[in-house]
1. FRET efficiency for residue 96 and residue 71, Cβ-Cβ distance as r, R0 = 30 Å, nearest 0.05?
2. Any idea how far apart residue 88 and residue 106 come out in nm if each label point goes 7 Å out from Cα toward Cβ?
3. Can you give the extra length, in nm with one decimal, that the chain gains between residue 81 and residue 146 once fully stretched, where that is 0.36 nm per residue apart less the Cα-Cα distance?
4. Sorting 93, 84 on the 10 Å Cβ count, fewest up front, what's the list?
5. Multiply the residue separation of residue 19 and residue 119 by 0.36 nm, subtract the distance between their alpha-carbon atoms, and state the gained length in nm to one decimal.
6. Given the Cα atoms of region 80-149, and with Rh set as the inverse mean 1/r over their pairs in the Kirkwood sense, what is Rg to Rh to two decimals?
7. Could you check the simple spin-label distance between residue 137 and residue 56, using points 7 Å along Cα→Cβ, in nm with one decimal?
């Protein structure tokens, strides 16, 4: 299981999603008053409460699918499907994440300072692409070996 490179890619993608889950700041909005608003997952300000539960659900979905794909090392086709669904969920999460930050910028009329947490979904995206390529390569190798029998 661990000797295959796609398992390493999926494990690192899972860890990147898990790190984002533990409230690593994605964007910080600074007011002139001493209130700091951190993304992701729950934003509290003096003007409004913005829930980012869809981001939380998408992040858990990406992490869960990545971890489930690791456990499906014997079933490469199903592993590829799980990886592709995780990729799709990650793309949706990136879009929702930056749309939420942009909406808050417009609503609060201040600039957002994007932090290192905003790069974690992009890293996860690249790792999921690499994992899917490795799974396809592995499946092609197995089918080629079956053809020789």
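1. Working: r = 27 Å, r/R0 = 0.90.
Efficiency at R0 = 30 Å is approximately 0.65.
2. It works out to 2.8 nm between the two label points.
3. Details: separation 65, 0.36 × 65 = 23.40 nm, distance 2.17 nm.
Full extension of this stretch gives 21.2 nm more.
4. Working: 93 24, 84 17.
The most exposed by this proxy come first: 84, 93.
5. Numbers: separation 100, 0.36 × 100 = 36.00 nm, distance 1.16 nm.
Here the segment from residue 19 to residue 119 would lengthen by 34.8 nm.
6. Details: Rg = 18.5 Å, Rh = 14.5 Å.
In region 80-149, Rg relative to Rh is 1.27.
7. 3.9 nm
Values in this text are rule-based calculations from the coordinates and carry no lab data. Predicted, not measured: the structure shown is a model, and the values here were computed from it. Cβ atoms come from the backbone with ideal geometry, glycine included; neighbour counts cover every protein chain shown.
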